[in-house]
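The values are calculated or read from the model by the stated rules, or taken from the named source; none is laboratory data. The model shown is predicted, which means the values in this text are computed figures rather than measured ones. Cβ atoms come from the backbone with ideal geometry, glycine included; neighbour counts cover every protein chain shown. Remember, those area values only see protein heavy atoms, side chains included, never the ligands or the DNA or RNA. Shrake-Rupley method; radii C 1.70, N 1.55, O 1.52, S 1.80 Å.
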Amino acid sequence: MLVGTVIGNVWATRKNEELSGCKLMIVDPLRFPGRARAYPIVAVDQIGAGVGETVLVVSGSSARISVGSGDLPIDHVIVGVVDEVDLADESQWADDGPQ
């Protein structure tokens, strides 16, 4: 599971038919100093998240199971909207927005 910020939407009129009806969002994972930068991912939004919200994202088989099927062509799914992140040492979180 990862925490990230929704930075945009993806519209694809031509896609695998099993993805019909899936809302696709671009999520920028939170970055921590001294860690490799994670690139934005595309995630299926099952909860109605919006741009600018901090979200929880699951991946792999957990993502496919969370949408009700273990055989959909999905890698990431937004499963929650984060109300607050509380770190013991706030300097460990590089919250400098998308780059």
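Would you mind stating whether Leu72 is closer than 13 Å to Val3 by Cα and not β-branched (Val, Ile, Thr)?
On the way: closer than 13 Å to Val3 by Cα: no; not β-branched (Val, Ile, Thr): yes.
The answer is no for Leu72.
I need a count of the residues in the stretch 45-76 that are outside any loop (DSSP other than H, G, I, E, B), of a type in the set (Val, Ile, Thr) and under 10 Å from Val27 (Cα atoms). Spell out how you get there, then give the answer.
Within the stretch 45-76, the subset outside any loop (DSSP other than H, G, I, E, B) is 45, 54-59, 61-66, 76.
This time we only want the ones that are of a type in the set (Val, Ile, Thr), so: 54-55, 57-58, 65.
Next, only the ones that are under 10 Å from Val27 (Cα atoms) stay: 54-55, 57.
Selection size over the stretch 45-76: 3.
Restricting the search to the stretch 49-76, which residues are open to solvent by 60 Å² or more (accessible area, probe 1.4 Å) and either under 15 Å from Cys22 (Cα atoms) or among the acidic types (Asp, Glu) (or both)?
Selection gives Glu53, Ile65, Gly68, Asp71, Pro73, Asp75.
Within the stretch 6-17, how many residues turn out to be over 18 Å from Ile78 (Cβ atoms) and either open to solvent by 80 Å² or more (accessible area, probe 1.4 Å) or touching a Lys or Arg at 6+ places or on another chain (Cβ under 6 Å) (or both)?
Kept after step one, since they are over 18 Å from Ile78 (Cβ atoms), are these residues of the stretch 6-17: 13-14, 16-17.
After this cut, where a residue has to be either open to solvent by 80 Å² or more (accessible area, probe 1.4 Å) or touching a Lys or Arg at 6+ places or on another chain (Cβ under 6 Å) (or both) as well, the list is 13-14, 17.
Count: 3.
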